[in-house]
Amino acid sequence: MRQPIVLLCVVTLGCGASSVDRVDDILALSADTARGADLFSEHCARCHGEDGAGGSFPDIRGLDPETVIRNMLAGPSSMPEFGDLPDADIADIAAHVDAL
Ligand code: HEC
């Protein structure tokens, strides 16, 4: 009985650490805001609006890249998760939101 529980902890901690690393990896990329604007229209604008002001969804204009990346990876409550996007796309979208 003991061994599977220990193993589960190791696996769980491993996942936690790798998602933190991923945020840092994405933050370290140099981002392209023009490309980010196109990706934002494609993935985010239907809820947060083309200008990021939101309407019935949160106003995300000017949020710092780390917050945007964390929300994209976590998908809080009714927001979908965008962890399947390539790191470069996430970095570009975060840079665009920061500039809104
Ligand atoms: C289906 C609608 C939907 C889509 C699409 C969507 N979001 Fe969201 N988003 C939400 C909702 C709802 C929340 C509020 C979640 C909560 O905290 O309860 C939210 C919250 C956020 C927050 C946190 C706001 C804050 O003040 O902390 C950020 C940042 C964000 N979204 C960015 C994005 C980005 C970037 C995209 C595109 C990749 C995106 N969202 C796509 C619905 C959406």
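Only the coordinates and a few stated rules stand behind these numbers; no lab work does. Every value quoted in this text rests on a predicted model; they were computed, and no experiment measured them. Positions of Cβ are generated from backbone atoms using ideal geometry, with glycine treated the same way; all protein chains shown enter the neighbour counts.
Computed from the Cβ-Cβ distance with R0 of 25 Å, the FRET efficiency linking C47 to A88 stands at 0.65. You can think of it this way: the chain between S78 and E66 has 2.3 nm of extra reach, that is 0.36 nm per residue less the Cα-Cα gap. Legend: calculated FRET efficiency, S56 to A34, from the Cβ-Cβ distance at R0 = 30 Å, rounded to 0.05, equals 0.60. Subtracting the Cα-Cα distance of A99 and D25 from their residue separation scaled by 0.36 nm leaves 24.6 nm.
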